[in-house]
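Here, each number is a calculation from the coordinates, and none is a lab measurement. Bear in mind that the values here come from a model prediction, so they are computed numbers and not experimental data. Every residue, glycine as well, gets a Cβ built from its backbone with ideal geometry; the counts of neighbours run over all protein chains shown.
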Amino acid sequence: MTRINTTYICQNCGAQSRQFFGRCPRCNNWDSFVTQASSSNHRATKLYEEISDLPIAKYSKPIDQVKELFVERLSSGYNEFDRVLGGGFVPGSLVLVGGEPGIGKSTLLLQSAMIMSRYSSILYVSAEESAQQVKLRWRRLNECKNLTNFHQENKTSQLHLMAETELEIILQELQSFRPAVAVIDSIQAIYTSGLSSAPGSLSQVRECSLALQKLAKQQGTAILLVGHVTKEGTFAGPKVLEHLVDAVITFEGDRFGNNRLLRAIKNRFGANYELGVFEMGNQGLVELTNPFEIFLGRNKATTGVATIVAYEGTRPLLVEVQALINTANYGNPRRITIGISTNRLHQILAVLEKHMGFRLSSFDCYLAVAGGVTVQEPAADLGAAAAIVASYNTLILPPKTVFIGELGLSGKLRPVTQIPLRLRECARLGFDKVVMPKIEGLENIAIDLNISLLQVETVMEAIIFGLGLE
């Protein structure tokens, strides 16, 4: 007798439970659990018995005999976008693009589609806006980019627009038109008539994504899926969506500011955490070829500011770390960070208080990374520590000095990766002094780059030499 088990699945985060909850214990969303029935009649055992009766066949082959496939990437029209993708769109790939509402996802993809339509066929599927709304944005961007003459000379545009939400109709158009690149804006608004659940639900997003992935692999169309994000900043819908796609790209930035950061948090065809920098203006999104202009201040030197080299993907970025130490007015001092982990700040403060004797436990500490970039690697530890000490003592760090190094709990500095590339970027931007851990074999590189290396072992030595107190 077949036994039916009932499983409850959260439509927001994909959490599963045998018990029904009104509020998901993982994502804390209310009324997000739906019922899914499954049978447990030892299917695995039966399947094994059926396979064992079949004749033995061999489907694998040695890996050196597998035929290699060389594909030519399709440029997105922007060097920064291509950098994040790993060199451009791979035919047959599935790319998920997400970001907060109003950040500029649709604008970036429409601009990229306009440029790619000069030499390739592009299909833009708008599931949230009408065709007339997209046409108004297209005309405004055309006037800003001066592309109207191009489309007048080429009366038949290769950029096709389709306002549709039903998956079956979209698949028919993709099979008929066979574009090189297709944009689906957005995957949460697409639904298939084979399921009774609402668009954006767990089952709808999963089935629609699987169908689009299958078509992309069969006919070699690169498909971009625009995804919604939750208030926590994660992608809405099932987690299987992020595992399904080939690349996951987030569009970050302050909607009230001009800077936009395009970051690849997953990429099967390139480096993870690769970073592209754009600026939002009257002409839409414009890529910045020299992003250090927004990450490095150009004002007069002030206290509590240190320069670090953050390595994002394959790109070294020089950014400023700003610290402010102030006397706490209440019993518990405040610890606030922007662009860096709060736990990292707690560790740095503990090391400085333990090994350098600074009484930071009675002070408020504010730590921020300039330019809106998020630094996740531990190479920023030394720069953050130098900025904190400089603010605590009201000192100004020497100009043209960069701090590189991971801070250990014992107070010693640990080396980080990609030091030669970091040093070359420092020299390119005119920095002539680097405080870093001791690493052998860098003397010749320092001489060629005309950079002075101050290699130290402990954080105390780094602060003393970095502040010029020796």
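Note on LYS58: no aspartates and glutamates have a C-alpha under 15 Å away, same-chain residues under 8 apart excluded.
Ordering SER126, GLN418, PRO25 by the projection of their Cα atoms onto the charge dipole of the chain, which places +1 on the Cβ of Lys and Arg and -1 on the Cβ of Asp and Glu, puts PRO25 at the extreme positive end.
Ignoring aspartates and glutamates fewer than eight residues from LYS239 along the same chain, the ones with Cα atoms less than 14 angstrom from its Cα are GLU207. The order of the peptides 196-205, 218-227 by mean Cβ neighbours within 10 Å, most packed first, is 218-227, 196-205.
A Cβ-based charge dipole, computed about the Cα centre of segment 293-466 with Lys and Arg at +1 and Asp and Glu at -1, lands at about 320 debye.
Mind checking the alpha-carbon convex hull of the chain and giving the volume per residue in Å³?
Details: hull volume 109.1 nm³, N = 470.
Cα convex hull per residue, to the nearest whole number: 232 Å³.
Phi angles across segment 337-346 convert, under the Karplus curve 6.51 cos²θ - 1.76 cosθ + 1.60 with θ = phi - 60°, into 3J(HN,Hα) values of 10, 9, x, 8, 5, 5, 4, 5, 4, 4 Hz, Gly and Pro given as x. Computed on segment 315-401, with alpha-carbon pairs under 8 angstrom and 6+ residues apart, the relative contact order is 42 percent. Placing +1 on each Lys and Arg Cβ and -1 on each Asp and Glu Cβ, with no other charges, gives the chain a dipole about its Cα centre of roughly 480 debye. Under the rule a/c < 1.5 gives rounded, and otherwise a/b versus b/c splits prolate from oblate, where does segment 85-124 land using the Cα gyration tensor? Oblate shape, in that a/c is at least 1.5 and b/c is the bigger or equal ratio. Quick one: of LYS135/LYS217; LYS412/LYS438; LYS135/LYS266, which pairs are farther than 21 Å apart, Cα to Cα? The answer is LYS135/LYS217; LYS135/LYS266.
With contacts taken as Cα pairs under 8 Å and at least 6 residues apart, the chain reaches a relative contact order of 12 percent. Comparing PHE295, SER197, ASN450 along the charge dipole axis of the chain, the residue lying farthest to the positive side is SER197, per the Cβ-charge model. The aspartates and glutamates within cross-link reach of LYS354, meaning a Cα-to-Cα straight distance under 16 Å and a gap of 8 or more places when in the same chain, are ASP381, GLU461.
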